[in-house]
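Chemist: Handing you this structure, nothing more for now.
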Amino acid sequence: SMKRTLLCPQSFFLCLFFLLAVSPLIFAEDELLKTSEERKWDKMNREAVIMFVEGDKQSAIYHMNAALDYAAENFGEESLRRAKALNNLGNFYLQLGKYPEASGYYEEAIRVEKIVLGDNDPFLAGTLFNLAMVHAMQKNDKKAKGLLQGALDIYHRKEKPDKDAIQKIEAVMGQLKA
């Protein structure tokens, strides 16, 4: 249908938008305050994303998995850096149309984010949005809408609601059938 085609090409860019723009800049700490492990992980993560954007998809996945392992070893299984690597792997697989893989990475990222950040963090809302895109691409609009509603609820509960994020989520919800 026409509505579905409108969603498809934009979904990866919407995911990246949430990953890069809407999610809080939790990794924008002063470089001087970072440990060598934090700087190394940031570099691994950044390089894998660049590889993917430049078209070297398999190398990007390999390197992001290395960043995932590094995060688990150096920051713990339930760390924000591990959650970000999981989210990035989900984004990679979503873009490749490998929805079961994308879904698994997003679901684990959500589990970790809830432990680390709680249930009301905008970063969690971004990951809920990403998982919603997986379900939307699989035409599971009801599940997608539920996840999008969860993301909306997080933004509405903020002291200063992010009107741009809310507007973008509502626009995507309007494209879904359920």
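Chemist: Please verify whether segment 151-161 includes one or more residues that are touching a residue at least 24 places away in the same chain (Cβ under 8 Å), under 25 Å from Leu68 (Cβ atoms) and of a type outside the set (Lys, Arg).
Modeler: yes
Chemist: Which residue pairs have Cβ atoms closer than 6 Å, lie 6 or more positions apart in sequence or on different chains, and pair a first residue in segment 108-123 that is of a type outside the set (Lys, Arg) with a second residue that is exposed (fewer than 14 other Cβ atoms within 10 Å of the Cβ) and not in a loop (DSSP other than H, G, I, E, B)?
Modeler: From segment 108-123, the pairs are Asn120/Arg157.
Chemist: What's the number of the condition Lys139 fails, among (1) charged (D, E, K, R); (2) touching a residue at least 60 places away in the same chain (Cβ under 8 Å); (3) under 25 Å from Asp42 (Cα atoms)?
Modeler: Single failed check for Lys139: (3).
So that you can scan it fast, the table gives a plain yes or no per residue for (1) among the basic types (Lys, Arg); (2) part of a helix (DSSP H, G or I); (3) without any contact (Cβ under 8 Å) to a residue 12 or more places away in the chain:
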{"site": "Asp69", "(1), (2), (3)": "no, yes, yes"}
{"site": "Ala72", "(1), (2), (3)": "no, yes, yes"}
{"site": "Lys84", "(1), (2), (3)": "yes, yes, no"}
{"site": "Asn91", "(1), (2), (3)": "no, yes, no"}
{"site": "Pro100", "(1), (2), (3)": "no, yes, yes"}
{"site": "Tyr106", "(1), (2), (3)": "no, yes, no"}
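Chemist: For segment 34-47, state whether one or more residues are small (Gly, Ala, Ser), assigned to a helix (DSSP H, G or I) and at pLDDT 95 or above.
Modeler: Checked against the condition, which is being small (Gly, Ala, Ser), assigned to a helix (DSSP H, G or I) and at pLDDT 95 or above, segment 34-47 yields no hits at all.
The values are calculated or read from the model by the stated rules, or taken from the named source; none is laboratory data. This one's a predicted model, so the numbers in the text were calculated from it and none came from an experiment. Here Cβ is always computed from backbone atoms with ideal geometry, including for glycine, and neighbour counts include all displayed protein chains.
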